[in-house]
Amino acid sequence: MELNHVLLFTIVATSALILLQAFRPQTPGVRARAGIVLVASAFCWLLARSIAGWLSAIIWCALLLVPAFLRHRVQTAPFRQYQSRRPTITLSPVVLTLIVMNIAVFILELFAGGSTNELTLHRLGELDTRLVIYRHEYWRLIAALFLHYGPIHIFFNLFALLLLGPPLERQIGGLLFFGCYAVSGLGSNIAVVLLTRLRFLDPVQLVGASGCIMGVVGTWAGFLLRHRHLPLARQRLRNIFIIILMQLAFDIVTPQVSMSAHLGGLVTGFLFGLIIPVKPSGAASIPRPRF
């Protein structure tokens, strides 16, 4: 997975979200600038595909990121002395534990031969569907969830967990959140193995927590759908739907990514979310996940 490709998709996705008004409130002109970024990204892809992500990132920063940062500083300047010193993104206990575990395993990969070394990943437990089916090495269904192929892979997975995980953990509790993460990841890998066993997929080797992350997204979707009477639930459900569409689009244009694993985690998480009750302390309002 090349950083150029990831940058291009991220820029296109965030610009499209702005055009679809997933982020509110919006300032005048921001949707027009987002449209310009999309058009410019398309031209970069057509004319200079090998560096399209980097060129689009420059345009994105100039038209969207930097103006938003400067506007925020101007708006908050009069109140800066009263602002809390806590970071905008707050960690929760289970999310922090999962991040530490993933980083620890990634360091183990580096010392064992490298995070992109196929032999190292195989020894540490990548999901090799042939070995699971014919040699019954079921431990790989769990081990593969904590392995990652290179720094870009683990960075984006943990960043997504950091954004989506804490608000869900605060809403449903640490124990249920860990269950959501683990069951979704396991469901993701089982789905790939079953599809391979039924010969809908060719044998593959997979690593990564992407199925777990999509399970978090699916759990949000199931929870919000069941409890759509709660404040802001419908708006958040719409944003979740947009995130799912963006992820599916990314899977389609990125051959190194397993759409089956993502869909398996998403569906498992969705079913998990449908059975989660509202905590008594959260019945009055729902936390706002920062999408």
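The values are calculated or read from the model by the stated rules, or taken from the named source; none is laboratory data. These numbers were taken from a predicted model, which means no experiment stands behind them. Don't worry about glycine lacking a Cβ; one is built from the backbone with ideal geometry, like all the others, and counts go over all protein chains shown. Accessible surface areas use protein heavy atoms only, side chains included; no ligands, DNA or RNA. Shrake-Rupley method; radii C 1.70, N 1.55, O 1.52, S 1.80 Å.
At-a-glance table
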read-out: Long-range neighbours under 7 Å by Cβ, at least six apart or interchain, first residue farther than 24 Å from ALA261 by Cβ within the range 226-248, second hydroxyl-bearing (Ser, Thr, Tyr); value: PRO231/SER285
read-out: Top-ranked residue of the range 216-238 - restricted to ones that are in a helix (DSSP H, G or I) and farther than 16 Å from PHE270 by Cβ, ranked as most open to solvent (accessible area, probe 1.4 Å); value: ARG234
read-out: Residue match in the range 22-32 (condition: surrounded by 15 or more Cβ atoms within 10 Å (Cβ to Cβ), at pLDDT 80 or above, within 19 Å of the chain's Cα centre (by Cα) and within 30 Å of LEU176 (Cβ to Cβ)); value: no
read-out: Test for THR120: is it among the polar types (S, T, N, Q) and open to solvent by less than 20 Å² (accessible area, probe 1.4 Å); value: yes
read-out: Enumeration of residues in the range 250-263 that are under 24 Å from LEU3 (Cβ atoms) and open to solvent by 40 Å² or more (accessible area, probe 1.4 Å); value: ILE252, VAL253, PRO255, GLN256, MET259
read-out: Complete set of residues in the range 96-117 that are open to solvent by less than 70 Å² (accessible area, probe 1.4 Å) and touching a Gly at 6+ places or on another chain (Cβ under 6 Å); value: SER115
read-out: Enumeration of residues in the range 139-166 that are surrounded by 20 or more Cβ atoms within 10 Å (Cβ to Cβ) and farther than 17 Å from GLY185 by Cβ; value: PRO166
read-out: Criterion: open to solvent by 50 Å² or more (accessible area, probe 1.4 Å), touching a residue at least 12 places away in the same chain (Cβ under 8 Å) and assigned to a helix (DSSP H, G or I) - qualifying residue of LEU186, LEU194; value: LEU186
